[in-house]
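The values are calculated or read from the model by the stated rules, or taken from the named source; none is laboratory data. Because the structure is predicted, anything quoted here is derived from the model rather than measured. So basically every Cβ, Gly included, is an ideal-geometry build from the backbone, and we count neighbours across all protein chains shown. The accessibility values were calculated without ligands, DNA or RNA, using every heavy atom of the protein model including side chains. Shrake-Rupley method; radii C 1.70, N 1.55, O 1.52, S 1.80 Å.
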Amino acid sequence: MTLRFPVAPMKATMGSTSAIPEGDDWAFEIKWDGYRTVVHLADGRVRLQSTAGHDVTDRWPEFGDLAAAVNASSAILDAELIVFDDDGRPSFELAQRSGAGSSREAVLQFFDVLQIDGTDTIDLAYVDRRRLLDGLVEPGENWTVPASRLGGGAALVAASAEQGLEGVIAKRVGSLYRPGTRSKDWRKIKNRTLVELTIGGFSAGAGNRSSTFGALLVGRRDGERRGFAGGVGTGFDQPMLRSLSERLRAIAVDECPFDPAPPASVRRTATWVEPVLRARVEIAEFTNDGLVRHASFVDLAD
């Protein structure tokens with residue numbers, strides 16, 4: 001096959017910090033927290049493609065000179081588009097606000113090559129593609145090829161957590177690139193934080209959750225107030241959904257327990273409850289607005 005715009009990127013399955021692959025059959029890369037971006041280069045021009053297949057080139061003019069840094073007349077590269085905060089860590093919130101006119105420029109972290117000079121490379125092993133990539137892209141102010149290491153995944157995961165990074169991607173060294181698939185040959189190992197949050201309500205469920213709930217609406221103390229901290233919609237099995245739904249409906253109240261109240265889009269389908277139950281929740285982080293990000297329910301706190 002010959003790849004053309006748009007290309008559906010290959011995706012990783014979710015791994016765990018308790019089951020990090022071992023041995024030299026696995027390579028490890030830092031997981032950068034930003035926008036997955038496929039970069040198409042041809043005849044000195046740069047074209048950026050989002051995961052959904054949209055052309056987003058005009059949003060980030062800082063990559064206009066990228067083609068001159070690539071040692072090929074054309075190429076298709078896989079990357080993460082990130083924006084660093086003041087502490088030098090990738091910030092997804094800043095990436096969301098980045099683009100033309102922004103005070104912060106984005107950076108492309110290249111981690112794979114899919115095509116060089118019209119020849120697809122997706123049927124090569126991961127280690128061979130990485131070798132090609134290392135010689136293909138010359139580092140610049142707004143792009144680089146970050147390191148990949150064989151083995152030592154646990155140490156890299158620990159180091160990424162220490163530095164406040166999102167986590168690590170583990171990849172089988174012999175894995176091929178399969179566009180549009182989610183493969184167990186690539187595994188996301190995310191650093192998570194366990195927090196306890198007060199349950200103040202729940203949103204209406206849909207589909208197979210129409211008889212239970214969609215998400216828990218949670219909050220945390222902010223001085224004398226209980227601030228809204230967002231929704232937790234994953235991590236539940238069916239027995240927990242049913243039993244928790246029954247407990248919550250038994251303590252339903254009319255008054256919102258959060259101050260200030262959540263946005264209208266949340267209030268529209270919310271049922272409020274007495275704030276007497278607490279949930280243990282795994283999160284990636286709290287956003288600058290105090291909301292949970294990538295939250296998953298663990299259990300009820302004692």
- prompt: Taking the range 92-150, which residues are farther than 13 Å from LEU81 by Cα and of a type in the set (Ser, Thr, Tyr)?
  reply: SER102, SER103, THR119, THR121, TYR126, SER148
message: Please go through the range 10-43 and give me each residue that is part of a loop (DSSP other than H, G, I, E, B) and touching a Pro at 6+ places or on another chain (Cβ under 7 Å), ordered by number.
response: MET10, TRP32, ASP33, GLY34
Close pairs from the range 48-65: first closer than 14 Å to ASP78 by Cα and in contact (Cβ under 8 Å) with a residue 40 or more places away in the chain, partner open to solvent by less than 60 Å² (accessible area, probe 1.4 Å) and among the basic types (Lys, Arg), Cβ under 8 Å, at least 6 apart: THR51/ARG36
statement: Of LEU114, LEU136, LEU150, LEU132, the only residue that is touching an Asp or Glu at 6+ places or on another chain (Cβ under 7 Å) and over 20 Å from LYS190 (Cα atoms) is LEU114
Selection within the range 92-106 - at pLDDT 90 or above, touching a helix residue (DSSP H, G or I) at 6+ places or on another chain (Cβ under 9 Å) and open to solvent by 20 Å² or more (accessible area, probe 1.4 Å): ARG104, GLU105
- prompt: Tally time: how many residues in the range 225-246 are closer than 20 Å to ASP299 by Cα and loosely packed, with under 14 Cβ neighbours inside 10 Å?
  reply: 7
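A quick yes/no check of all residues on (1) farther than 30 Å from LEU291 by Cβ; (2) charged (D, E, K, R):
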position: ARG36; (1), (2): no, yes
position: ASN71; (1), (2): yes, no
position: ILE82; (1), (2): no, no
position: ASP86; (1), (2): no, yes
position: GLN96; (1), (2): no, no
position: PHE110; (1), (2): yes, no
position: LEU124; (1), (2): yes, no
- request: Among what's in the range 268-290 and is open to solvent by 30 Å² or more (accessible area, probe 1.4 Å), of a type in the set (Val, Ile, Thr) and in a strand (DSSP E or B), pick the residue that is nearest to ILE199 (Cα to Cα).
  value: VAL276
message: Take PRO257 and tell me if it is assigned to a loop (DSSP other than H, G, I, E, B), surrounded by 17 or more Cβ atoms within 10 Å (Cβ to Cβ) and in contact with a Pro (Cβ under 6 Å, 6 or more places away or on another chain).
response: yes
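Could you identify the single residue in ASP65, ASP55 that is closer than 24 Å to GLY101 by Cβ, among the charged types (D, E, K, R) and under 22 Å from the mean Cα position of the chain (by Cα)?
On the way: ASP65 fails: under 22 Å from the mean Cα position of the chain (by Cα).
Selected residue: ASP55, the only one of ASP65, ASP55 that is closer than 24 Å to GLY101 by Cβ, among the charged types (D, E, K, R) and under 22 Å from the mean Cα position of the chain (by Cα).
Here is a yes/no grid of residues against (1) touching a Cys at 6+ places or on another chain (Cβ under 6 Å); (2) more than 22 Å from PRO179 (Cα to Cα); (3) of a type outside the set (Val, Ile, Thr):
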site: VAL7; (1), (2), (3): no, no, no
site: ALA12; (1), (2), (3): no, no, yes
site: ASP24; (1), (2), (3): no, yes, yes
site: VAL38; (1), (2), (3): no, no, no
site: VAL46; (1), (2), (3): no, no, no
site: PRO61; (1), (2), (3): no, yes, yes
site: ALA67; (1), (2), (3): no, yes, yes
site: SER73; (1), (2), (3): no, yes, yes
site: GLN96; (1), (2), (3): no, yes, yes
- prompt: Which condition number in (1) under 25 Å from GLU62 (Cα atoms); (2) surrounded by 21 or more Cβ atoms within 10 Å (Cβ to Cβ); (3) not aliphatic (A, V, I, L, M) is the one that TRP26 fails?
  reply: (1)
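Within the range 69-81, does at least one residue satisfy the condition of being open to solvent by 30 Å² or more (accessible area, probe 1.4 Å) and at pLDDT below 95?
no
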message: So for the range 114-124 (the condition being more than 20 Å from GLN49 (Cβ to Cβ) and surrounded by fewer than 20 Cβ atoms within 10 Å (Cβ to Cβ)), does at least one residue qualify?
response: yes
message: List the residue pairs whose Cβ atoms are under 8 Å apart, where the first residue sits in the range 8-21 and is in contact (Cβ under 8 Å) with a residue 60 or more places away in the chain, the second is among the aromatic types (Phe, Trp, Tyr), and the two are 6 or more positions apart or on different chains.
response: MET10/TYR177; MET10/TRP186; LYS11/TRP186; ALA12/TRP186; THR13/TRP186
field: Hits in the range 123-148 (condition: closer than 25 Å to ARG4 by Cα and touching a Lys or Arg at 6+ places or on another chain (Cβ under 7 Å))
entry: TYR126
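Which residues, counting only those in the range 180-219, are surrounded by fewer than 16 Cβ atoms within 10 Å (Cβ to Cβ) and touching a residue at least 40 places away in the same chain (Cβ under 8 Å)? Even if it seems obvious, please write down each step before you answer.
Going through the range 180-219, the residues surrounded by fewer than 16 Cβ atoms within 10 Å (Cβ to Cβ) turn out to be 180-182, 184, 193-194, 196, 204, 206-208, 210-211.
Once the filter is applied, which keeps residues that are surrounded by fewer than 16 Cβ atoms within 10 Å (Cβ to Cβ) and touching a residue at least 40 places away in the same chain (Cβ under 8 Å), the range 180-219 yields GLY180, THR181, ARG182, LYS184, THR193, LEU194, GLU196, ALA204.
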